[in-house]
Amino acid sequence: GVALEALLITVAGLQEIGGSAPSLARFADWIEGWTWVPLIFVPTIFPLLLFPDGHLPTRRWRPVVWIGVVGVVAFSFSTAFDPGSYGGRVPIDLRPPAGLVRASSLGAFLLLTALIAGGAATVRRFRRSTGEERQQLRWLAFAGAVGAASLAVAFLAGGVLTALGVDTNEGPAAD
C-alpha cells in the first residue's frame with residue numbers, strides 16, 4: 001500500500017521533470033488522493049474494537065465491523081472519483097455510476113458511527129476489565145490522549161500560521 005504509493009509518486013515526480021505529466025503521474029495523483037482514507041480509518045476503528053485480545057467484546061459487535069468496512073469502502077470510493085478532491089478533474093479516465101460517487105455522506109456517517117462504536121467498545125471493555133487487561137486499556141487511553149492533543153496542537157498551529165499570513169500549503173521553495 002504505502003510502498004506502492006511512494007514508488008508511484010517517485011516515478012511520477014521523475015517523469016514530471018521532463019515535461020508534461022504522463023499517465024503514470026496522473027495515476028499516482030489518483031492513488032495519493034484517496035488512499036489516506038483506509039490508511040487513517042482502518043488502524044483507528046478496528047484496533048478500538050479488537051484491543052487488547054484481538055477479539056470483539058461479543059458477537060453482537062460484528063455489525064460494527066461491517067459498518068466500518070462499508071464506511072471505509074464507500075468513503076474511499078467517493079473520494080477516489082470526486083473531482084473536487086483533485087482540483088476539478090479526476091486524474092484517471094474512469095466513469096463510475098453517479099450514485100456511487102455521491103456515497104461520501106453515507107461513508108462519512110458510517111465511519112463516524114464505527115469510530116463512536118469502537119470507543120464505546122473500548123469503554124465497555126475497560127469497565128469490565130481487571131488486572132493486566134485494565135492496565136493495557138489505560139495505556140491505550142493514554143496513547144489516544146497524546147494523539148488527540150497532538151492533532152489539536154497541529155490544527156491550532158495551522159490556524160495561528162494562517163492568521164499570521166503564512167502560506168501553509170506551499171511546499172519547499174524552488175531554486
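Ordering Arg59, Arg26, Arg125 by accessible surface, largest first, gives Arg59, Arg26, Arg125; the 1.4 Å probe counts only protein heavy atoms, with every chain in place.
Rank Asp82, Asp167 by accessible area, highest first, at a 1.4 Å probe radius? Write out the running numbers ahead of the final one.
Details: Asp82 60, Asp167 90 Å².
Final ranking, largest accessible area leading: Asp167, Asp82.
Placing R0 at 25 angstrom, the Cβ-Cβ distance between Val69 and Val123 gives a FRET efficiency of 0.70 after rounding to 0.05.
Under the 0.36 nm per residue contour assumption, what length would be gained going from the current alpha-carbon distance of Ala141 and Arg59 to full extension? Show your work: numbers first, answer last.
Numbers: separation 82, 0.36 × 82 = 29.52 nm, distance 2.37 nm.
Taking Ala141 through Arg59 to full extension adds about 27.2 nm, to one decimal.
The values are calculated or read from the model by the stated rules, or taken from the named source; none is laboratory data. Computed from a prediction, not measured in an experiment: that's the story for all the values here. Glycine gets a Cβ as well: all are built from the backbone with ideal geometry, and neighbour counts include every protein chain shown. Heads up: the accessible areas ignore ligands, DNA and RNA and are worked out on the full protein's heavy atoms, side chains in. Shrake-Rupley method; radii C 1.70, N 1.55, O 1.52, S 1.80 Å.
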